[in-house]
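Worksheet: one structure, shown below.
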Amino acid sequence: MPRILAIDYGFKRTGIAVTDELQIIASGLTTVPSDTAIAFLKDYFSKEKVAKVLIGEPKQMNGQPSESTPVIEKFVTDFKVAFPEMEIERVDERFTSKMAFQTMIDSGLKKKQRQNKALVDEIAATILLQEYLTRKMI
């Protein structure tokens, strides 16, 4: 069975998470510089079967688009051009970065390790993907 991949796209870095082949468990894959995300995905898709890509949709507390929305919309457009056959689903990413940081605290990472923003982005993508899998199972 093909995997599901989640993308937490940001101004500088993009966190990427992926499921196992049975689409049960979400795991962090990597964090890449945002300007190299499409190239990374081309390489990844050439090696792994992916059925669907989740792309975080940033919203403010009131549900309105966030300040990063135009940047992410451009990425989505570029993604569709690069991968026209790939199924995309947009998912609300509110609180994923805060949840990722709290996860790092709860897992006992030291302060210096928690300052690793790339790790926060990767964990945020993993949370986004795991929440999707949980909703899918209900």
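Computed quantities for the displayed model
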{"quantity": "Every pair of residues 6+ apart whose Cβ atoms lie under 6 Å, when the first sits in region 23-50 and is closer than 16 Å to residue 1 by Cα while the second is among the β-branched types (Val, Ile, Thr) and modelled with pLDDT of 95 or more", "calculated": "23/4; 26/19"}
{"quantity": "Single unsatisfied condition, residue 29 versus (1) more than 12 Å from the chain's Cα centre (by Cα); (2) surrounded by 15 or more Cβ atoms within 10 Å (Cβ to Cβ); (3) at pLDDT 95 or above", "calculated": "(1)"}
{"quantity": "Checklist (1) over 21 Å from residue 123 (Cα atoms); (2) modelled with pLDDT of 95 or more applied to residue 3, failing item", "calculated": "(1)"}
{"quantity": "Failed item, numbered, when residue 1 is tested on (1) touching a residue at least 40 places away in the same chain (Cβ under 8 Å); (2) assigned to a strand (DSSP E or B); (3) of a type in the set (A, V, I, L, M)", "calculated": "(2)"}
{"quantity": "Close pairs from region 71-88: first without any contact (Cβ under 8 Å) to a residue 24 or more places away in the chain, partner in a loop (DSSP other than H, G, I, E, B), Cβ under 9 Å, at least 6 apart", "calculated": "80/86"}
{"quantity": "Some residue of region 39-53 being more than 14 Å from residue 131 (Cβ to Cβ), touching a Ser or Thr at 6+ places or on another chain (Cβ under 7 Å) and surrounded by 20 or more Cβ atoms within 10 Å (Cβ to Cβ)", "calculated": "no"}
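The values are calculated or read from the model by the stated rules, or taken from the named source; none is laboratory data. Please read all numbers here as calculations on a predicted model, not as lab measurements. No Cβ is skipped: glycine too gets one built from the backbone with ideal geometry, and neighbour counts run over all protein chains shown.
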